[in-house]
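> Before we start, here is the structure in question, set down as structure tokens.
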Amino acid sequence: MLILLLIVLFGGNFFFFANLHPHRTGAITSALFFGLSILLLVLNMGTHLGLTKTTNNNRQTIRPTSTSQGVQLLVYQPLGTTNNERVYVYNGDQKSPLPGKRGLAKTTRVASSVTTTNAKHATLTLTTTKYTYQNQLAKVLFAIPGTKLATTQQVAHFTVPKSWLVLSSKQATRLKQAAANPTN
């Protein structure tokens, strides 16, 4: 918006001033402001000028995806061949607006960890770090309508009781098959 205004002022200097001196002064001033606004936009895009990182922690109680022979399971599906990326499947909290709804915690470009504790309930703590505007002036200068600020990092941390097993989907299938066969 500021750039469009400066372009109009720059062009208007040629039409509205009959005297040469105000014409030059206005043109040079609007050209300097135009260059300054371009520099500020480049700094905003490159070094996140006017933005600050904020962290939000969202903690919820989760339930196991399934129970096999009294063992509660947190199941994940590895993505790709390196097993660095995983999709965890879990049941949401019973007190949530949609009880029993399954959730997916996709860990592509998201750090994840699983900790086993003596706690009675399993929890998922999702820590999200994203850019926000430092103040209202930065929002007015740099906000482009319809765009969202980037999320820089997401960390999914599962805390499960010792009675739970964390298995891949293949391991969970094999466990289910082994439990169904009475000779095992």
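> If we sort 31-41, 144-154 on the protection proxy, mean other Cβ atoms within 10 Å, highest first, what's the order? Mind showing how you got there, number by number?
On the way: 31-41: 13.8, 144-154: 10.2.
Taking the mean over residues of other Cβ atoms within 10 Å, the ranking is 31-41, 144-154.
> Any idea of residue 168's accessible area? Nearest 10 Å², probe 1.4 Å.
That residue has around 20 Å² of solvent-accessible surface.
> To continue, here is another question. Once both labels are modelled 7 Å past Cα along the beta-carbon direction, what's the residue 153-residue 181 spacing in nm?
Those two pseudo-labels are separated by 4.6 nm.
The values are calculated or read from the model by the stated rules, or taken from the named source; none is laboratory data. Just so it is clear, the model here is predicted, and its values are computed rather than measured. No Cβ is skipped: glycine too gets one built from the backbone with ideal geometry, and neighbour counts run over all protein chains shown. Only protein heavy atoms, including side chains, enter the accessible area calculation; ligands, DNA and RNA are left aside. Shrake-Rupley method; radii C 1.70, N 1.55, O 1.52, S 1.80 Å.
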